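Notes follow the structure.
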Amino acid sequence: MLLQEPGTIGPLRLKNRVIMAPMGTNYGTSDGFSTDRDKRYYAERAKGGVAMIVTEAMNISAGARNHNNSLCIFHDEFIPGLHAVVRAIQENGALAVAQLNHRGQLLRRSVLGMDPVGPSAGKHPATGEPVRALRADEIHAIERDFMHAARRVWRAGYDAVELHAANGYLFHQFFSPRFNHREDAYGGSLENRMRLLLETVRLIRNELPEFPLMVRISATEYADGGYSEEEVIALAQALEHAGVVAIDLSGGSNETPLMSRYCIQPPSFPRRCLEPYARPFKHALSIPVIIAGRIITPEDAEAVLQAGSADFISLGRALISDPHWCLKAFGEVDAPIRACISCNICFERLSLERDVACVQNPLVGTEFETLECLEPAVGRARLPVSEVRRILVIGAGVSGAEAARVLAGLGHVVEIWEKAETAGGQMPLALAAPNKADVSGVWTYRMAEIERLGVPIRFRTAVTAETIRGYAPDLVFIATGARPRELPLKLDLGIPVLQARDVLLNPGAIAPGARVTIIGGGEVGIETADLLATRACHVTVIEIQANVAAEMARNNRIDLLARLEQSGTVILTETFIESVVDGQFVLAGRGETTHMAPGDVVVVAIGPEPNRDVLPAVEAAGAPYVLVGDCNRPGDFLTAIRDASMAALAVNHRLGVRATGQTA
């Protein structure tokens, strides 16, 4: 397995070919200091077996903050905290690399009052804020800021430093003719557009000649009017000539929500999506090439290396999802990998200036994110008899499976009851829309663990007070999910009125080319529209809120909406159905009232309500219980899995410990 073989980057020896990509977390303080939370987060991924960790992009200037809680390195006072992070990484077996960045014209006044600056005057591509062109003396000051920051991370004990010249930030802006319209030494020709980055590299190399320097660049901009393949390869060759020890390839630009999906790819993008762009760099350079881009499984990573497309694999979201990815891939931990599903909730939370969270990993960023809590079956000793509990889980959906996985892994006696003939709950709905295949990882991981742990699932099982008493549980986990809410308005239309879940499960219920009105533009309604668009249906979505699919991560939502626009789907926001008159909808919204024909079929997607049908039986049995997942509070996979996981980890705190000698 090439992935497991050691490799070298400059003077550094890496124990395998897996590098953790730099991704922001917002785990730092509001004044830019690192925290114990940062230290634990990176330490766990070092324990998980990665060879090298590139920590999140750090701000090199007080006037260039990325996020409200992003890490900073523009003053010596940040060195001690970063040294603690570095030690935590190195003491757990990985090399530590510091990434340095300046966002340039992508700075935002909404984040600590940062003023956007760039190679040329203009407007922030996303916010419209004015961008001021940097003067030559300011350019030189920024170059010195990078050099001083590199010296500080060297003093903090980092093994190497990386300049972030990708994804639409300052170095990228100067290199791309889309943004750089200067007529001085820093604009115009290829040589001039490379100047800022190359001058910065030379400054750092002159100041710290023995300190390995890497550079991250976007292999392609995915945009017209940008740099060409020949130009970006020439840049990489110039960087190699200047002493850079590795080229770290990303793609795209974070300049707008529409463009950002090329950096943090949604599931519509193919696996290994940057590999075709990496091959020319591999052929043109003699220094190592590192590649990212929807590399999710060990098979994905191994295929890139076997093809000779890159020397090292950069994993970002995959290591948020499972910090022990490498140990599992290399057979050192006997548990399935908790695969990233590309939902991009992690990036969405960062964009919203919140701390990073993960659907698949409910413990990320907490003190509980350890192998013994994430994988209790392999990470900790079995419970003493006095602490073992007999637990009944009602519902074999995702939250029930997560609760059962954790509880059984802890050593409790667990059984799942399910009224249906199969397990999975609402997973078929989650997988029904286009480009949702990766979401299956939510279920396959948990089902594999349940089977490995020997947790029995009793199908077609009626829940009554008598059956519960017969099982005699110490605690009942109710994980019965949610059901679709019915429309409060009576629709006397003479045409079929269907629930969105029924359409997702059986799209053939609506004829190809049908005219369809979807009431409700949440994630379920919009994904139903996406599915019907593949059947050439003419779809209109009515949503009372200002935005549709607000629950989805930005990159995924923008990607989906772009498809709906191409298909001709009509989306009416801030609009509701006031009444039905003569077989037509009377729509109200934005100060107007209009009439609209409902078409051939109406689909209702106005959200779920908790399903607590079993609660009376549980209460009649007198068993203590806890509600988890959607039956507790309807949400998404993130809330359902976190809810179930936390409740399961807290079982013994909830029930206490039996007296010595009492049987389990």
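Per-residue 3J(HN,Hα) values for segment 115-127, derived from phi via the Karplus relation 6.51 cos²θ - 1.76 cosθ + 1.60 with θ = phi - 60°, read 9, x, 9, x, x, 9, 5, x, 10, 4, x, 9, 9 Hz in sequence order (x marks Gly and Pro). So which trypsin sites (Lys or Arg not before Pro) in segment 302-379 pass both tests, a DSSP loop state and at most 14 other Cβ atoms within 10 Å of the Cβ? Answer in residue order: Arg354. Modelled spin labels at Thr461 and Ala62, positioned 7 Å past Cα toward Cβ, are 6.3 nm from each other. Over the chain, Cα pairs under 8 Å with separation of 6+ residues give a relative contact order of 11 percent. Annotation: amide H of Arg515 within the under-5 Å range of His538, Asp600, Val601, sequence separation 5 or more or interchain, hydrogens built in the peptide plane. Using a cutoff of 8 angstrom between alpha carbon atoms and counting only pairs six or more residues apart, the relative contact order for segment 249-298 works out to 41 percent.
Scanning residues 5 or more positions from Leu14 or on other chains, those with amide H under 5 Å from its amide H are Gly7, Thr8, Ile9, with H placed 1.01 Å from N in the peptide plane. Pull out a ≥ b ≥ c, the square roots of the eigenvalues of the alpha-carbon gyration tensor of segment 55-95, then state rounded if a/c is under 1.5, prolate if not and a/b is larger than b/c, and oblate in the remaining case. Taking the square roots of the gyration eigenvalues as a ≥ b ≥ c, segment 55-95 is prolate.
In order along segment 201-218, the phi-based Karplus estimate (6.51 cos²θ - 1.76 cosθ + 1.60, θ = phi - 60°) of 3J(HN,Hα) comes to 4, 5, 4, 5, 5, 5, 6, 10, x, 9, 8, x, 10, 10, 9, 9, 10, 8 Hz; Gly and Pro are listed as x. For segment 36-111, the list of GluC sites (Glu not before Pro) that fall in a loop by DSSP and count at most 16 other C-beta atoms within 10 angstrom reads Glu91. From helices alone, the chain scores -9500 deg cm²/dmol at 222 nm; the rule is -39500 (n - 2.57) for each run of n ≥ 4 DSSP H residues, then divide by the residue total.
Please report, in cubic angstrom per residue, the volume enclosed by the convex hull of the alpha-carbon atoms of segment 451-523. With only Cα atoms used, segment 451-523 gives 223 Å³ per residue.
Rounded if a/c is under 1.5, else prolate if a/b beats b/c, else oblate: with a ≥ b ≥ c from the C-alpha gyration tensor eigenvalues square-rooted, which is segment 526-609? It is prolate, given that a/c is not under 1.5 and a/b is the larger ratio.
Computed over protein heavy atoms with a 1.4 Å probe, the accessible surface of the chain works out to 38 Å² per residue. Packing around the peptides 33-40, 282-289, 182-189, taken as the average count of other Cβ atoms within 10 Å per residue, puts them in this order, highest first: 33-40, 282-289, 182-189.
Across segment 158-164, coupling constants 3J(HN,Hα) worked out from phi with the 6.51/-1.76/1.60 Karplus curve, θ = phi - 60°, read 4, 7, 6, 10, 10, 8, 8 Hz, and Gly and Pro carry x. Residue ranking by accessible heavy-atom surface, 1.4 Å probe, largest first, among His124, His140 comes out as His140, His124.
Over all other residues within a Cβ to Cβ distance under 13 Å of Pro434, the charged ones net out to -1, with Lys and Arg as +1 and Asp and Glu as -1.
Each label was represented as a point 7 Å from its Cα along the Cα-to-Cβ direction; for Arg515 and Glu207 these points are 6.7 nm apart. Lysine pair count for the chain (Cα-Cα distance under 27 Å; residues 8 or more apart in sequence or on different chains): 9. A 1.4 Å probe, protein heavy atoms only, puts the accessible area of Leu498 near 50 Å². Shape class of the chain from the Cα gyration tensor (axes a ≥ b ≥ c, square roots of the eigenvalues): oblate, since a/c reaches 1.5 or more and a/b does not exceed b/c. Expressed to the nearest 5 percent, the antiparallel share of DSSP beta bridges inside the chain is 20 percent.
Within the shell of other residues whose beta carbon sits under 15 angstrom from the beta carbon of Arg40, the net charge comes to -4, with Lys and Arg scored +1 and Asp and Glu -1. To put it simply, the accessible area of the chain at a 1.4 Å probe is 50 percent carbon and sulfur. Packing, as the average of other Cβ atoms within 10 Å across residues, places the peptides 458-470, 548-560 in the order 548-560, 458-470, highest first.
Close amide H pairs (under 5 Å, H built 1.01 Å from N) link Ser250 with Ile217, Ser218, Ala219, residues at least 5 positions away or on another chain. Neighbours of His595 by Cβ distance under 14 Å: Lys/Arg scored +1, Asp/Glu scored -1, total -3.
For the pair Ala141 and Arg155, label points projected 7 Å from Cα toward Cβ lie 2.1 nm apart.
The values are calculated or read from the model by the stated rules, or taken from the named source; none is laboratory data. Not measured: the values here are computed from a predicted model. No Cβ is skipped: glycine too gets one built from the backbone with ideal geometry, and neighbour counts run over all protein chains shown. Only protein heavy atoms, including side chains, enter the accessible area calculation; ligands, DNA and RNA are left aside. Shrake-Rupley method; radii C 1.70, N 1.55, O 1.52, S 1.80 Å.
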